[in-house]
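Take a look at the structure set out below.
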Amino acid sequence: MKGRARVFGHDVTLDEIHPSEYFSLDKEKLLKGLMEGVEPGFYRSVEEGDIIVAGRYFGMGSGRESGAWAIKLSGIKCVIAESFSRYMFRNCINNGIWPIKIEGILDQVDEGDKIEVQPEKGQIILETGKELEFETFPDWVFDMIRSNEVTGI
Amino acid sequence: MTTIPEKMLEGEEGEYVTRSVDRVMIHDGNAPLIFDDMEDEKIWDPEKVTTVVDHFCPPSTEERADFVKRFRDFVKEKGIKDHAESEGICHQVMCEGRVKPGEIVAGIDSHSTMYGALGAFGVGFGASDTVEILKKGEIWLKVPETIKVEIEDGEDHTDIALAILDELKYEGNYRFLEFVDKTGIKMDGRMTICNMAAETGAKSAVFPPDELTREYLRRFDMSSSFSFPGYDEDDHSENINISIEEPLLAKPHRPYNVDKVYSEEGKTIDQVFLGSCASGRLSDLKTAVEVLEGKKVHEDVRFLVTPASKLVMTQALEKGFIQKLVDAGAVILNPSCGPCPGIDKGLMAKGERCLTTQNRNYPGRMGGGDIFIANAEVCARSALNGFITTGGAKDER
């Protein structure tokens, strides 16, 4: 899995990742809400395979799964963050989005950097060629993410 | 196994367990996300499910009306008997005769931590996890670490909740908070504190059940005998002590951005909102009435009050609180989520400020303005003056 880094800061709340006014079952409306609370119009700039990179507590606050749905709808398949709220972590797993925890990631990645992610190896490779390790998932969580990658919304 | 979550979830700290669930709460605000996945599925035990319409209540758009319509159909199709529409905010409704000590209660909402006020393990889930629970009656969880929070001093429950946030910030993420109270907090206050534990990121939180819990259960004709799997026997790696000297407030845009109210004294406000699942209970309304009786809120302030449930509304009517609040200039909204998550009624323009007893003050949460969180007394006093203050009214208008 290889993609462009889309960088956000620390403490990005779910209400910013997907503001409540975009709550809908209409896919277009759901998608338009993606990151609208931090970067209006973000959805227009997303390319298939982009990777969100964020700081600590990505997705804090609400547990509305519409946020993870919007991420999936946009074609983003992976979020690398220093830490996740427990809701965002679980919602990612349940939607086939790889929630990868790497301490200090924000200091090492710039917007637009190419990142390669190898979930099986527990490793990512930065644009500079630098390799970073992460604690990979228990087998059953790994299988859950894989099986949810293919199911649609 | 020595900590409360170890006993309640039946596993060692850090272990993944699959735990059966005793009760499930689903509200209209997230229910639409489960309709498709549940279409051909049976609920493992419809008797254990409570459905609540409180977010789009009543609906403010045709799309939301459609969600509520489909939710009603879902409830009937799946054989759910305990459906509460327009009865109040889901967590309050659950704490009025449904949740029991010792139970594992899953809610499709992050403030499900509130059930810990009654000694239950209240825990929130997203839509997909809720679908799993509805199908199987069980869910995987990691047994959380426990932080013991000793409440040494403090008069108001919102202040205590804010002091805990000031101490923990979001470090409660994935953890369990066990409260030890030395101040005599009543049940309304326990609910506020467990509710706002969600703002530390906590998976769950509890006031271990005691005589106060029994007394509360009796009020709802529930048996005061319950099975709580045992109290904590451990010395935790992390203990925090809470003690409050003066009223606190959370500044924009995080609930843990806590300071003394005094630090914002004199800042003008456009709206005061007393409500949400974090408050809006009888004691909060009483506190506001004591400040506002016979006075009028400032002409530049919209003062919105949402009793947390129909029951709270009824009790407040019987006690004359509602009339006194209306006389003081309050707009009484129906028991529902309303302005707190920015759903309807009482959103702000950019540049406006709201002082509220609710639990979250994230950007965009209540429209375009800035949200400050404080206790009911500070909210009422500030409503009179038109600015943030701990003091009384400048004049007796």
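Would you please give the residues with an amide H less than 5 Å from that of residue B:52, counting only those at least 5 places away or on a separate chain, with H modeled from the backbone geometry?
B:26, B:27, B:28, B:84
Apply the Debye scattering formula to the range A:2-150, with a single equal point scatterer on each alpha-carbon and no solvent, then give log10 I(q)/I(0) at q = 0.14, 0.19, 0.20 Å⁻¹.
Rounded to two decimals, the profile gives -0.59, -1.14, -1.28.
Using θ = phi - 60° and the Karplus form 6.51 cos²θ - 1.76 cosθ + 1.60, what ³J(HN,Hα) does each residue of the range B:242-255 get, whole Hz, x for Gly and Pro?
10, 8, 10, 9, 8, x, 10, 9, 9, 8, x, 10, 9, x
Which value, in debye to the nearest 20, describes the size of the charge dipole of chain B about its Cα centre when Lys and Arg Cβ atoms bear +1, Asp and Glu Cβ atoms bear -1, and nothing else is charged?
1220
For chain B, take the longest principal axis of its alpha carbons; what is the angle in degrees between that and the long axis of helix B:127-136, to the nearest 10 within 0 to 90?
40
Can you pull the semi-axes for the range B:298-384, root of five times each eigenvalue of the Cα gyration tensor, sorted largest first, whole Å?
22, 15, 11
Given points 7 Å out from each Cα along the Cα-Cβ axis, report the residue B:314 to residue B:61 separation in nanometres with one decimal.
So the two model labels end up 3.4 nm from each other.
Nothing charged except the Cβ atoms of Lys and Arg (+1) and of Asp and Glu (-1): what's the magnitude of the dipole of the protein assembly as shown about its Cα centre? Round to the nearest 20 debye.
1460
Hey, what angle do you get for helix B:376-385 against the long axis of chain B, alpha-carbon based, 0 to 90 degrees rounded to 10?
30
How tilted is helix B:62-77 with respect to the longest principal axis of chain B? Cα atoms for both, answer in degrees (0 to 90, nearest 10).
Helix B:62-77 sits at roughly 30 degrees to that axis.
Report, ordered by chain and residue number, the lysines lying within cross-link reach of residue B:78, taken as a straight Cα distance under 18 Å and ignoring same-chain residues fewer than 8 apart.
B:42, B:48, B:69, B:135, B:136
Convex hull volume of the Cα atoms in the range B:247-397, per residue, in Å³?
87
Jot down the per residue volume, in cubic angstrom and as a whole number, of the convex hull over the alpha-carbon atoms of chain B.
Cα convex hull per residue, to the nearest whole number: 125 Å³.
With unit charges on the beta carbon (Lys/Arg positive, Asp/Glu negative), name the residue among B:371, B:359, B:262 whose Cα is farthest towards the positive pole of the charge dipole of the range B:250-385.
In the range B:250-385, that residue is B:359.
Leaving ligands, DNA and RNA out of it, work out the accessible area of residue B:83 with a 1.4 Å probe and give it in Å² to the nearest 10.
Near enough 60 Å² of accessible area.
Taking all protein chains together and a probe of 1.4 Å, list B:1, B:313, B:191 from the most accessible to the least accessible.
Sorted descending by solvent-accessible area, the residues read B:1, B:313, B:191.
What value does the protein assembly as shown have for Rg/Rh, both radii from Cα atoms and Rh as Kirkwood defines it?
Over the Cα atoms of the protein assembly as shown, Rg/Rh equals 0.96.
Explain nothing, just compute: Karplus ³J(HN,Hα) = 6.51 cos²θ - 1.76 cosθ + 1.60, θ = phi - 60°, for every residue of the range A:39-48 in order, whole Hz, x for Gly and Pro.
Once rounded to whole Hz, the list reads 9, x, x, 3, 4, 5, 8, 6, 10, 3.
The range B:234-286: which GluC sites (Glu not before Pro) are DSSP loop and have at most 11 other beta-carbon atoms within 10 angstrom?
Qualifying residues, ordered by number: B:245.
In vacuum, with every alpha carbon of the range B:184-299 counted as one equal point scatterer, what does the Debye formula give for log10 I(q)/I(0) at q = 0.10, 0.11, 0.14 Å⁻¹? Two decimals, please.
Evaluating at q = 0.10, 0.11, 0.14 Å⁻¹ gives log10 I(q)/I(0) of -0.46, -0.55, -0.86.
Could you check the spin-label model distance between residue B:239 and residue B:85? Points 7 Å from the Cα along Cα→Cβ, value in nm.
That separation, rounded to one decimal, is 5.1 nm.
Whole number please: convex hull volume per residue, Cα atoms of the range B:156-204, in Å³.
Working: hull volume 3.1 nm³, N = 49.
Output value, Cα hull per residue: 63 Å³.
Whole-Hz ³J(HN,Hα) for each residue in the range B:279-296, computed from phi via Karplus 6.51 cos²θ - 1.76 cosθ + 1.60 with θ = phi - 60°, x for glycine and proline: what do you get?
7, x, 9, 3, 5, 5, 5, 4, 4, 5, 4, 4, 7, 9, 3, x, 10, 10
Based on Cβ point charges of +1 for Lys and Arg and -1 for Asp and Glu, what charge dipole magnitude is obtained for the range B:82-136 about its Cα centre, in debye rounded to the nearest 20?
Dipole about the Cα centre, nearest 20: 200 debye.
Residues with amide H under 5 Å of residue B:204's amide H, sequence separation 5 or more or different chain, H placed in the peptide plane at 1.01 Å from N; which?
Correct list: B:177.
Taking chain B as a Gaussian network, Cα atoms linked when under 10 Å apart, which of B:190, B:72, B:219 shows the biggest mean-square fluctuation?
B:219
Need one word for the range B:79-229: rounded, prolate or oblate. Basis is the Cα gyration tensor (sqrt eigenvalues a ≥ b ≥ c); a/c below 1.5 gives rounded, then a/b vs b/c decides.
Oblate is the answer for the range B:79-229, as a/c is 1.5 or above yet b/c matches or exceeds a/b.
Please calculate the 1.4 Å probe accessible area of residue B:310, with all protein chains present, and give it to the nearest 10 Å².
Roughly 100 Å² of residue B:310 is accessible to a 1.4 Å probe.
What does the charge add up to near residue B:202, with Lys and Arg as +1, Asp and Glu as -1, over the other residues with Cβ less than 11 Å from its Cβ?
For residues surrounding residue B:202, the net value is -1.
Between residue B:387 and residues 5 or more places away or on another chain, which pairs have amide H atoms under 5 Å apart, with H built 1.01 Å from N, and which residues are they?
When sequence neighbours closer than 5 places are left aside, the close amide H contacts are B:269.
Mind giving me the FRET efficiency for residue A:26 and residue A:114? R0 is 30 Å, r the Cβ-Cβ distance, nearest 0.05 is fine.
0.35
If ligands, DNA and RNA are left out, what is the accessible area of residue B:140 with a 1.4 Å probe, given in Å² to the nearest 10?
Accessible surface of residue B:140 is approximately 40 Å².
The values are calculated or read from the model by the stated rules, or taken from the named source; none is laboratory data. Quick caveat: nothing in here was measured; it's all calculated off a predicted structure. Note that we place each Cβ from the backbone using ideal geometry, even for glycine, and neighbour counts take in every protein chain shown. Side chains are part of the model used for accessible areas, which takes the heavy atoms of the whole protein and leaves out ligands, DNA and RNA. Shrake-Rupley method; radii C 1.70, N 1.55, O 1.52, S 1.80 Å.
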